[in-house]
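The values are calculated or read from the model by the stated rules, or taken from the named source; none is laboratory data. All values derive from a computational prediction rather than experimental measurement. Because the Cβ atoms are built from the backbone with ideal geometry, glycine has one as well, and the counts that use them run over all protein chains shown. Note: accessible area is taken over every heavy atom of the protein model, side chains too, but ligands, DNA and RNA are not part of it. Shrake-Rupley method; radii C 1.70, N 1.55, O 1.52, S 1.80 Å.
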Amino acid sequence: MYKLTGSRRSYDWGSDTAMFDFLESEADGEPFAELWFGAHPTGPSTVHTEGGATTLDQLIAISPGSHLGQRVHSEFGRLPYLLKLLAPARPLSLQVHPDPLLARAGYEDEQSRGIALSDPRRTFKDQHHKPEMVFALSRFEGLVGFRGQAEAARLLEGLGGTVRPACEALRSSPSGQAMRAALELLLRLPAAEVEQAVARCRTMTTSGSDPAAPTAYSTVDELAAFYPGDVGALISLLLNRVVLEPGQLVFLGAGVPHAYLSGFGLELMANSDNVLRLGLTSKHVDSDAMFESVDFGTSGYELQSVPEGAATHVFTPPVPDFALAVCRTGISSGLPVELPGRGPRILICLDGELRVSTSTGAQEHAQEQALKRGEAVYVPASAGTLIVTGGGSAAQAFVP
């Protein structure tokens, strides 16, 4: 078992207080958007060993079979997930993630064309898909998945003008092709016409019979304040605004459009950094790759919650790369909580003070670490069962 130091990401959309407060550290005046716990080559965690500090990807490379276990090593050849603390203070870019085939093809194409990984025109940073899920640690808000077409059409109809063709496209057919056509039409709007439609949204926040309309139109106004002239604000009318309360989780598969708006949470994803943007960004937008990736046949979203009386609950998404086990020792009446999974694991303390132990064979509690909120450990596959005691809660990423 190894103590981890996460890799900080100071993106400009990050909060300058929330992460520091969670980690009980002094703010430095800079945004602290994400803290990565994993082995992604662009931001691996630091591992503290008896021989000194190294990075998690380098540690695993020394003995991948021992660290990953035979099954994970054979299937993935690397640590297949990345765990993050996430602290958005303002909206992130509106985005989707590619499926495995598109990720591999896009990466190989850009490599063959000599586009450097650091080039701002680069779309695919690696050859892996990036399904992900967010577990709320505070109230967390975002845009997730397409609305029903009829509802989206009603919202666009209220704006009239140059937005009307997108509304008519949605009413032309119940198929995903209609949603694609509407999105294409919105993306063609010049900035001046986007701003006119946004101004119309401001006047529509309290009108209309659709109960979703006030929130939808105010969301457009909110996004436009951060990204004036960006069509992503209008595209939000095609999407669901979602609120997660603490203890709730939402999973985002390949091709599901989304944008995180505010809050504090834990994000678990496949070990990838591939992002295809639709709007709300000054970064490169690869429209061709984005349209190839978006799943226009999906709509809605599903929220999951930790059951009220459960000491341990496992969220298992429909992908093989990762699962998340949430453990609350207070509900176990002081008894040790044994966590599921015996592959490579990363565990982070979410609240209180905990002791994390491993047992291998007949040697009980072979290793032990004390953790407080925001601290994490990496546990190799060879370490055996993971046991948590103390008072607090924790989340464990593992391969199901």
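Would you kindly calculate the translational diffusion coefficient of the chain, applying Stokes-Einstein with the Kirkwood radius from alpha carbon pairs, for 25 °C and a viscosity of 0.890 mPa s, and quote it in µm² s⁻¹ without decimals? The partial results should precede the final answer.
Working: Rh = 22.2 Å.
Approximately 110 µm²/s, per Stokes-Einstein.
So what is the relative contact order for segment 81-210, in percent, with contacts set as C-alpha pairs under 8 Å and at least six apart?
Relative contact order comes out at 16 percent.
Relative to the present Cα-Cα distance, how much length would full extension add between residue 53 and residue 117 at 0.36 nm per residue of separation?
Using 0.36 nm per residue and subtracting the Cα-Cα distance, I get 20.4 nm.
Relative contact order for the chain using alpha-carbon pairs under 8 Å, separation at least 6, rounded to a whole percent?
It rounds to 21 percent for the chain.
Can you tell me the 0 to 90 degree angle between the C-alpha axis of helix 176-187 and the longest principal axis of the chain, rounded to 10?
70
May I ask for the distance between the Cα centers of segment 270-298 and segment 1-53, given as a whole number of Å?
So the separation of the two Cα centres works out to 26 Å.
Please give every one of the aspartates and glutamates within straight-line cross-link reach of residue 283, meaning a C-alpha to C-alpha distance under 16 Å, and leave out same-chain neighbours fewer than 8 residues apart.
Straight-line reach from residue 283, under 16 Å: 12, 119, 230, 273.
Give the accessible area for residue 266 in Å² (nearest 10); use a 1.4 Å probe, count only protein heavy atoms, and leave out ligands, DNA and RNA.
We get 0 Å² for residue 266.
Which aspartates and glutamates have a Cα less than 14 Å from the Cα of residue 372, not counting those fewer than 8 places away in the same chain?
Qualifying aspartates and glutamates at Cα under 14 Å: 21, 24, 351, 353.
Please give the contour-minus-distance gain from residue 71 to residue 11: 0.36 nm per residue of separation, less the Cα-Cα distance, rounded to one decimal in nm. Provide the component values of the computation, followed by the final result.
Working: separation 60, 0.36 × 60 = 21.60 nm, distance 3.55 nm.
Additional length available on full extension: 18.0 nm.
What whole number of Å gives the distance from the Cα centroid of segment 210-264 to the Cα centroid of segment 113-183?
Centre-to-centre (Cα) distance: 10 Å.
Report the residue, chosen from 138, 332, 63, that carries the largest GNM mean-square fluctuation when the chain is represented by alpha-carbon nodes joined by springs under 10 Å.
Evaluated over the chain, the most mobile residue of the options is 63.
Calculate for the chain the 222 nm mean residue ellipticity that helices alone would give, adding -39,500 (n - 2.57) per DSSP H run of length 4 or more and normalising by residue count, nearest 500 deg cm²/dmol.
Working: 12 runs with 105 residues, N = 400.
Value at 222 nm, helices only, nearest 500: -7500 deg cm²/dmol.
What percent does the relative contact order of segment 264-383 come to when contacts are Cα pairs within less than 8 Å and at least six residues apart? The partial results should precede the final answer.
On the way: 134 pairs, mean separation 19.9, N = 120.
With pairs under 8 Å counted, the relative contact order is 17 percent.
Starting from the Cα of residue 203, move 7 Å in the Cα-to-Cβ direction to define the label point; list residues of segment 138-181 whose amide nitrogen is under 14 Å from there.
Flagged as within label range: 158-162.
If you roll a 1.4 angstrom probe over the protein chains with everything in place, what fraction of the accessible area of segment 204-357 belongs to carbon and sulfur, to the nearest %?
49
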